[in-house]
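For reference, the structure is listed below as structure tokens.
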Amino acid sequence: MDEELQRPDHGPLAGFTVGVTAARRAEELGALLQRRGAAVLHAPALRIVPLSDDGELLTATKELIDHAPDVVVATTAIGFRGWVEAAEGWGLGEDLLARLRGVELLARGPKVKGAIRAAGLTEEWSPSSESMAEVLDRLLEEGVDGRRVAVQLHGEPLPGFVEALRAGGAEVVGVPVYRWMPPEDLTPVDRLLDAAVSRGLDAVTFTSAPAAASLLSRAEERGLLPELLAAFHHDVLPACVGPVTALPLQARGVDTVQPERFRLGPLVQLLCQELPGRSRNLPIAGHRLEIRGHAVLLDGELKPVPPAGMSLLRALSRRPGWVVARADLLRALPGTGRDEHAVETAMARLRTALGAPKLIQTVVKRGYRLALDPAADAKYADA
């Protein structure tokens, strides 16, 4: 087990809130994040609709049984299983398996390979990288001119894959095993959007391109797209499991972070590095103060802080050691109140939460300041 998980005080993501947009494997991703200390806001941005009753899949299946392809590319385990199960439901299961036994069957990765073997079939080849680019390279090296290639589609774009095969002279047949649809209940998605634009999230994870596209589309419907993009540009980290997943965000000018290996575990480990690295770490009144999303680390001890207190702390930390006027702090508080007593109330609660009253100094008739250690004054003088 990771050393961080054995620490008695907190995990590397303690104090951070992460949004999860996944429909599949959301519980697994959420558990990985929570085990490392994160608070998780789950809002599936799409739902998977099997096509067992869909004429499109039935037509494609019959066409492949009647007119054999030379190559079949299986891209996802859930998609391949769903295809076989749907064929069995139509009474075409044995015919489909018999057809697949006689073709060059390529599996994108080990999970797909497992689904193929569970169906009693054997793949001819699978790339070590689990990359569709490597599958494409193999096909093009073999030569595809005049060959019929069936590709099990899995709800995500395959940029350049089909086009490159067709440019090489292949006839490409798509097998649409399931499609992505917006969630039936948009309430969780709206809650996630509201949290993102209000900076209540520190990161949002994406494990499929359709989920990213769906979230952006919903933000646009609600008139929140500019605010969401601004949040992604500055305060909320968009983390994608891989480059294909990132395409809808990149099309909107959003830079994302991605792990080297396109898996949930490496995605979580990447967040464990990125989010603490983005935290403000300050020497205050003889203490070390690290400001995280909804909590602080004070000399390594996790201290949860109310939202209003975090707003004040962030406002003070923008220019540590400088006096911030009550009017400016009032504007930083959630809501649009005009009573500066709200600042005093929130400040009292913040000091209580920190458990170290001397961290924040009151400057009579002026406002408040973080008690920056004298040795650090020069460093932050022009902050």
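The values are calculated or read from the model by the stated rules, or taken from the named source; none is laboratory data. Keep in mind it's a predicted model, so treat the numbers as computed, not measured. Side chains are part of the model used for accessible areas, which takes the heavy atoms of the whole protein and leaves out ligands, DNA and RNA. Shrake-Rupley method; radii C 1.70, N 1.55, O 1.52, S 1.80 Å.
Specify the residue with the greatest mean-square fluctuation among 319, 47, 366, computed from a Gaussian network of the chain linking alpha-carbon atoms under 10 Å apart.
In this elastic network of the chain, the residue with the biggest mean-square fluctuation among 319, 47, 366 is 366.
For the Cα atoms of the chain, what angle does the longest principal axis make with the long axis of helix 55-66, in degrees from 0 to 90, nearest 10?
40
Placing one identical point scatterer on every Cα of the chain and ignoring solvent, what is log10 I(q)/I(0) from the Debye formula at q = 0.13 Å⁻¹?
-1.05
For the Cα atoms of the chain, what angle does the longest principal axis make with the long axis of helix 225-234, in degrees from 0 to 90, nearest 10?
That helix lies at roughly 70 degrees to the long axis.
Sequence-distant or interchain residues sharing an amide H contact under 5 Å with residue 204, placed H: which?
Distant-sequence amide H within range of residue 204: 19, 237, 239.
Collect residues whose amide H, placed 1.01 Å from N in the peptide plane, falls under 5 Å from the amide H of residue 282; neighbours closer than 5 in sequence don't count.
289, 290, 291
Provide, as a two-decimal number, the C-alpha radius of gyration of segment 87-126 over 2.2 N^0.38 Å, N being how many residues it has.
Values: Rg = 10.4 Å, N = 40, 2.2 N^0.38 = 8.9 Å.
So the Cα radius of gyration is 1.16 times the expected 2.2 N^0.38 Å.
Expressed as a rounded percentage, what relative contact order does segment 228-383 have, with Cα pairs under 8 Å and six or more residues apart? It would help to have the intermediate numbers written out before the result.
Details: 204 pairs, mean separation 27.9, N = 156.
Computed value for segment 228-383: 18 percent relative contact order.
Specify the angular offset, from 0 to 90 degrees and rounded to the nearest 10, of the alpha carbon long axis of helix 209-221 from the longest principal axis of the alpha carbons in the chain.
Compared with the principal axis, the helix lies near 60 degrees.
At 25 °C and 0.890 mPa s, grab the translational diffusion coefficient of segment 218-348 from Stokes-Einstein with a Kirkwood Rh over Cα pairs, rounded to a whole number in µm² per second.
Values: Rh = 17.2 Å.
Approximately 142 µm²/s, per Stokes-Einstein.
Starting from 0 in steps of 5 Å, tell me what percent of the Cα-Cα pairs of segment 157-251 lands in each bin.
3, 12, 20, 21, 17, 10, 7, 6, 4, 1, 0
Compute, for residue 340, the solvent-accessible surface of its heavy atoms (probe 1.4 Å) with the complete set of protein chains present, and express it in square angstrom to the nearest 10.
Number for this one is 70 Å².
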